[in-house]
Amino acid sequence: MLDIDGIPGSEGISPTSPAAIEWLVNQKLPAPFKSAKGFYQSSRSAGIWKPDGTLLKEGIRVHLFYYFERRITGQQLEAFLACIASTQDSLS
């Protein structure tokens, strides 16, 4: 699971919409995640509005879940993600 909190979304797209999740995956995640099948669940802090009509917490707030084609250990996953993080700054 990838826990995304507060990534600014695309102009004109509600950060709680499916379009925002699609934008996040296509624009911010590394290549292996773009074609992978997965599902998402909004974070508990997503979409809470203040009385003045603004979001309590800005940005896209979502949990992204992916299945691997084979079993991997936590250590293998950490190494994979560290390698990706060292070559790009996608989620910043």
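Taken together, the values in this text are just the output of simple stated rules run on the coordinates, not laboratory data. Small disclaimer: the values here were computed from a predicted structure and weren't measured. Here the Cβ positions follow ideal geometry from the backbone for every residue, glycine too, while neighbour counts run over all protein chains shown.
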What shape does the chain have by the C-alpha gyration tensor, where a ≥ b ≥ c are the square roots of the eigenvalues, rounded means a/c under 1.5, and otherwise prolate means a/b greater than b/c and oblate the rest? prolate
Out of 45, 17, 35, any idea which swings most in a Gaussian network model of the chain, alpha carbons joined below 10 Å? 35
Most mobile listed residue (70, 44, 61) in the chain, GNM with C-alpha springs under 10 Å: 70
Where is the GNM fluctuation largest for the chain (alpha-carbon springs, 10 angstrom cutoff): 36, 79, 19? 79
What number, in percent, do you get for the relative contact order of the chain if the mean sequence gap of Cα pairs under 8 Å and at least 6 apart is divided by its residue count? 39
What nm value, rounded to one decimal, do you get for the distance between residue 3 and residue 34 when each label is placed 7 Å out toward the C-beta? 2.8
Say the dipole of the chain comes from +1 at the beta carbon of Lys and Arg and -1 at that of Asp and Glu; which of 75, 27, 62 then lies farthest toward its positive end? 75
Mind putting a number on the dipole of the chain about its Cα centre? Charges go on the C-beta only, +1 for Lys and Arg and -1 for Asp and Glu, and I need it in Debye to the nearest 20. 280
